[in-house]
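Just so it is clear, none of the values below were taken in a lab; they were calculated from the coordinates. Computed from a predicted structure; not experimentally measured. Note that each Cβ is placed from the backbone with ideal geometry, even for glycine, and that neighbours are counted across all protein chains shown.
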Amino acid sequence: NRTITVRQTTDNGVSWAAAVTVATLAAAHTCRCLAGTLNGGLGTLYCFYSDTTTAGGATTIYSRTRAETGGAWSAATGWGRSDFTNPAGMYVNGTGATFYVFLCFGGTLREYAVTNLAAWPAPTDRMKSDDPAVIYQDPSLAFNFDQFYYLFFTEYNTVTTTKTLTHVFGPQIDLWSL
């Protein structure tokens, strides 16, 4: 199944609405990264997702929007950058007019400060492993504290097959490990 759906609650998780389709990927495509955020000031839900071809691994990031109160999802907006391969997770923090999108590519954790969903800027490499055996994965757990956040992700060593939980603190991204 290559359908991305979302369910919404208006009572803090006591009950949930029926699933609504955000996107359906083409045959021979998969979604390896998925993130969502709410811009409460605008009342807009945002869904960011990857569309990866299973044959060559080429990946494009798309976004769609919808009013928080419901309605149809917008048409997909491509990120306006070249395709890439092998993403290993995505996290989005959408505060104000800028979305901070973190993507893991092998041994690099990249941040995109996105102000235009159709034309993403060049990334800032926030972390890059000196060890080719270490890759970064799953930057999907994060908590927002007064416009600052801890972005948790895992460091996976492909030789020893060990995973280490790590985090960075933002928006200045001072690095330290658990």
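Key figures for this structure:
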| item | result |
| --- | --- |
| Amide H within-cut-off set for GLY107, under 5 Å, with H built and near neighbours excluded | TYR136 |
| Inter-site label distance for ASN116 and ASP83 at 7 Å from Cα along Cβ, in nm | 2.4 |
| Computed magnitude of the charge dipole of the range 1-122 (debye, nearest 20; Cβ of K, R +1, Cβ of D, E -1) | 140 |
| Lys/Arg +1, Asp/Glu -1 at C-beta; the range 1-91 dipole; positive extreme among THR77, LEU45, HIS29 | HIS29 |
| Separation of alpha-carbon centers, the range 43-71 and the range 102-124, rounded to whole Å | 15 |
| Rounded if a/c under 1.5, otherwise prolate or oblate - the range 1-126, Cα gyration tensor axes | oblate |
| Extension reserve of the ALA76-THR164 stretch, reckoned as 0.36 nm per residue once the Cα distance is removed | 28.2 nm |
| Cβ charges +1 (Lys, Arg) and -1 (Asp, Glu), total dipole of the range 71-135, debye | 160 |
